[in-house]
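Take a look at the structure below.
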Amino acid sequence: MEALSRAWRSDFSWSFRHSPVAIISLGVVLLLVLSALLAPWVAPHNPFDPASLNLMNGFTRPMEPNAFTQEIFWLGTDDQGRDVFSTILYGMRISLFVGFTAVLFALILGVTLGLIAGYAGGWTETTIMRVADVQLTFPAILVAMLIFGIAKGITPVDMRDEMAIWVLIIAIGLSDWVQFARVVRGATLVEKNKEYVQAARLIGRKPGAIMLRHILPNVMSPVLVIATISLALAIIAEATLSFLGVGAPPTQPSLGTLIRIGQGYLFSGEWWIILFPAITLLALALSVNLLGDWLRDALNPKLR
Amino acid sequence: MLAFTLQRVFQSIVVLLVVGLVAFSMFRFVGDPIDNMLGQERTDADIERLRGELGLDQPFPIQYGKFLKNAVQGNFGISYRQARPVSTILAERAPATLELAAVSGLFAIFFGVGLGVFTAIRRDGFAANAIMTISLLGVSLPTFLIGILLIYVFAVELGWLPSFGRGDTVKIGGWSTGFLTASGLKAIILPAITLGLYQMTLIMRLVRSEMLEVLRADYIRFARARGLKERAINFRHALKNTLVPVITVTGLQLGAIIAFAIITETVFQWPGVGLLFINAIQFVDIPVMAAYLMLISVMFVGINLIVDLLYFSIDPRLRIDRSAAEG
Amino acid sequence: MVEPVLSVRGLTVEIPTRHSVLRPVDTVSFDIAAGEILGVVGESGAGKSMTGNAVIGLLDRPAHIAGGEIWLNGERIDQLKGDALRQVRGKHIGMVFQDPLTSLNPLLTIGQQLVETIQVHLDVSGAEAKNRAVNSLNEVGIPAAAERIDAYPHQFSGGMRQRVVIALALCAEPSLIIADEPTTALDVSVQAQIIALLKRLCHERGTAVMLITHDMGVIAEAADRVAVMYAGRMAELGPAREVLTKPAHPYTVGLMGSTPLASAGKERLNQIEGSMPRLDELQPGCAFSPRCPYAQHKCRIEPRPTLEAHEGRAACWLAGEVAE
């Protein structure tokens, strides 16, 4: 109780309660994440269960009964008769899963490499930071595409669809570790010269482990901010790759895949197949982005 | 300045060698080139012969050296999928991408700088505020959605512009251009806007913030106090001083335009190297991927180099000046 | 009496804020005659620079002239706008800023900056403008002016740059120069040269000068007359010798006391207790009264007398009694 009321009274909480943008963004994010998590219970249909699909339901308009089956779908159906609403919920699961996991991967990789670079110094540091510099020269999406292509080449042909999601996660994660590494390396360099590290070294303790305990709390806020903004970027990157056909496989469509499918029906007038996934993607990316912006301002007033 | 240039060139070469190593490793280790080149009916003798021909039995550094030598000569091997030399395919596709990148780059610079200056000068105006708000939304929209939106409005609903392809092209030497036909010009409008919009927004916001900064500078006050005309102050004095940071970002953005062309080319089925690259990834066509990687790296590194050297022509303080050395 | 070049009457500048309206310049009046240097002194925030900016029409929003009149050569200029105002700047009033390092555009040669200024005000050919530019550089003492005209600002030292700035301010031959702390950013050794240069040029050409400074040494060196400002108001105005030797306003007395030059020989510097009040914290009565050692009850309740543009008076109820 005590901790809770202290948290409520903190600057951070105050700043949140006084930012309508942050409140709405968090609301949208929570709503979308929850509905994605609960998709199997919330969605009226399971779009990936072939048994539940009826081709007769194809191209049903939103909120209008299907001509043959008289079924009503809130957001209409696609060419296969899949309920668009359910497909969005399931697609969002893929998008969010890839986004979160890729950022987590980038975070662990970046923090580790940043720590090593800052602590070890010398050529280890030079190598890591040079690689980071070179990678920064190229847009992340290009790096991700390339890694995706290479990984696809390494995977045996019959496992490609199965592995595609993981390949996607690795590709996006690898394209995004640099920011984390830079922040953590900077903090490590500062910490390295403090007395307790020198002391630990003198008495023969492993300073690395001790440092880790001191550095991580220090870099928590910037890492959290980078992670949030990275999440928005990762979600967009995933959608872009899947839209380009080099991401999520057709058997596990993400929001990007749905938009890719929907683009084919723009000219024939089936606008709902593309519109609703696109709006969902926008809402997701925008609210995570705004949340990240707010977080950056709230955690680091100096940067404003 | 010479020392600086040499250092930059050296750094660029190092970056290219590293990228070359990545490309070579893809070539060499991703999938077995022998597997890819020989069909199902192959003998051990065939494999040995091809291995010898490709130099795959030689030590790694020598193979890498050969790869680089070939790459410099524009020889990237044979596309697995099209069974034609990669260099030929790239040469066919390059004009489409370069024309698209050039038009969207010009679009981004022209409107980015123009709107940036406008929003800085009319800082509190309604139009300037509206532009800034819209631009915020533009930054968070994924490129492919912008493309689809434009297709929907201008191709599907209004029917003014084509939704895919390059229109008619004319061959001049080895270069196929869409600039000389009406349908070619119409076809490039939507893709160029899609590709340039994000960069335009970035440039606009940057020019605006730099302009606002510079307009507060003492020498602008002094220029006002000398009774110079507003136009001379805004463009001759203020804009020129914003150019150094703007050129940095713009230069890097031009590189990004070529990379992001992949997305736009897919949306509009624009027959350039980006679309080629996406297809190469889908079909794991390693030689095409490696060649694209090398090509785009050369462009990136080249643009970075040019940007660095451009500073000198804009900012006299960076030049080693003889008069100061003498005086 | 010869008509003054610049005549300021009851000039008031206001800055509206959320809570109140600030008056950084409050009913200020003064004249400057041709060839005369008026030194304007005061602490930072006293309204000196704001007065100079108001005269040349360079107030930054939301500051604006809220009252009074400014006359230049018999023409009223405080209500000019747009092109008319632009033509006064540079052509009739030249301005010299504090920091020569930042006053010049780093990306244009000094020749380009001079020529554009000359051509915007005088109807001369490019060659003639360049000729004049070289001449004006010669006049301010830039050696080898003809060669150095194509040099960039960063190729000059601070003192040389301030000479270039002065050349720029004078190149269209204005009748008034406003020099806002022209020596503050310079080395002490260069300060005297710049002051001497300003003095010489203005006496030669008969240019009126408004010399804004917080440095009593500069005033003693250059000014013919002195205006002392405090909290946006004119505290004392008079011939330099009189104000410096027989200050009439208690603030001027304090100011003299705290200046090393003026108090040379004394045991220690007298400091004025406290600091200048913020503009939003002004009390009724004389603004200096909280710090004034001579303040009486009257000073704290009644608005102090407004100082007219005539000479030798202090805006103080006790004026004249203090000095003795």
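The values are calculated or read from the model by the stated rules, or taken from the named source; none is laboratory data. If you're wondering where the values come from, they're calculated on a predicted model, not measured in any experiment. Cβ atoms come from the backbone with ideal geometry, glycine included; neighbour counts cover every protein chain shown.
Results, tabulated for the structure shown:
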| item | result |
| --- | --- |
| Any hit, region B:269-284, residues being within 14 Å of the chain's Cα centre (by Cα) and away from every other protein chain (no Cβ under 12 Å) | yes |
| Single residue of region B:254-274 satisfying the filter (small (Gly, Ala, Ser) and modelled with pLDDT of 85 or more) that is surrounded by the most Cβ atoms within 10 Å (Cβ to Cβ) | B:274 |
| Out of A:147, A:169, A:116, sole residue that is buried (at least 22 other Cβ atoms within 10 Å of the Cβ) and either in a helix (DSSP H, G or I) or more than 14 Å from chain B (Cβ to nearest Cβ) (or both) | A:169 |
| Any hit, region B:118-139, residues being touching a residue at least 12 places away in the same chain (Cβ under 8 Å) and more than 30 Å from residue C:61 (Cα to Cα) | yes |
| In region A:150-166, the residues that are within 18 Å of residue A:245 (Cβ to Cβ) and within 12 Å of chain B (Cβ to nearest Cβ) | A:150, A:151, A:152, A:153, A:155, A:157, A:160, A:164 |
| Those helices (runs of 4 or more DSSP H) lying entirely in region C:150-258 with at least 3 residues within 14 Å of chain B (Cβ to nearest Cβ) | C:158-170 |
| Cβ-Cβ under 9 Å pairs, at least 6 apart or on other chains, region A:258-278 side touching a residue at least 60 places away in the same chain (Cβ under 8 Å) and more than 11 Å from every other protein chain (Cβ to nearest Cβ), far side small (Gly, Ala, Ser) and in a helix (DSSP H, G or I) | A:258/A:91; A:258/A:242; A:258/A:278; A:270/A:262; A:272/A:262; A:273/A:262; A:276/A:262 |
| Count of region B:209-248 residues which are at the interface with another protein chain (Cβ under 7 Å from one of its Cβ atoms) and either hydroxyl-bearing (Ser, Thr, Tyr) or on the phi > 0 side of the Ramachandran plot (or both) | 2 |
| Answer residue from region A:253-289, given it is within 21 Å of residue A:103 (Cβ to Cβ) and surrounded by fewer than 21 Cβ atoms within 10 Å (Cβ to Cβ) and is nearest to the chain's Cα centre (by Cα) among those | A:289 |
| Verdict on residue C:42 being within 14 Å of the chain's Cα centre (by Cα) and modelled with pLDDT under 90 | yes |
| Some residue of region C:182-189 being closer than 21 Å to residue C:3 by Cα and touching a residue at least 12 places away in the same chain (Cβ under 8 Å) | no |
| Residue C:131 surrounded by fewer than 18 Cβ atoms within 10 Å (Cβ to Cβ), under 22 Å from residue C:209 (Cα atoms), more than 9 Å from chain B (Cβ to nearest Cβ) and at pLDDT 85 or above | no |
| Odd one out for residue C:52, checked against (1) assigned to a loop (DSSP other than H, G, I, E, B); (2) closer than 23 Å to residue C:98 by Cα | (1) |
| Sole residue being within 14 Å of another protein chain (Cβ to nearest Cβ) and either among the aliphatic types (A, V, I, L, M) or buried (at least 16 other Cβ atoms within 10 Å of the Cβ) (or both), chosen from B:78, B:89, B:131, B:146 | B:146 |
| Residues of region C:71-101 classified as in contact (Cβ under 8 Å) with a residue 40 or more places away in the chain and touching a strand residue (DSSP E or B) at 6+ places or on another chain (Cβ under 8 Å), total | 10 |
| Elements of type helices (runs of 4 or more DSSP H) contained in region B:60-160, each with 1 or more residues being in contact with a strand residue (DSSP E or B) (Cβ under 9 Å, 6 or more places away or on another chain) | B:86-121 |
| Qualifying position, being away from chain A (no Cβ under 14 Å) and of a type in the set (A, V, I, L, M, F, W, C), among B:153, B:139, B:170 | B:170 |
| Condition check for residue B:290: buried (at least 24 other Cβ atoms within 10 Å of the Cβ), within 13 Å of chain C (Cβ to nearest Cβ) and in a helix (DSSP H, G or I) | no |
| Test result for residue C:28, touching a residue at least 24 places away in the same chain (Cβ under 8 Å), within 17 Å of the chain's Cα centre (by Cα) and part of a strand (DSSP E or B) | yes |
| Residue A:92 vs. criteria modelled with pLDDT under 85, more than 28 Å from residue B:252 (Cα to Cα) and assigned to a helix (DSSP H, G or I) | no |
| Qualifying residue in region B:164-185 (condition: touching a residue at least 60 places away in the same chain (Cβ under 8 Å), under 28 Å from residue A:273 (Cβ atoms) and surrounded by 20 or more Cβ atoms within 10 Å (Cβ to Cβ)) | yes |
| Residues satisfying the stated conditions in region B:223-232, i.e. surrounded by fewer than 24 Cβ atoms within 10 Å (Cβ to Cβ) and part of a helix (DSSP H, G or I) | B:224, B:230, B:231, B:232 |
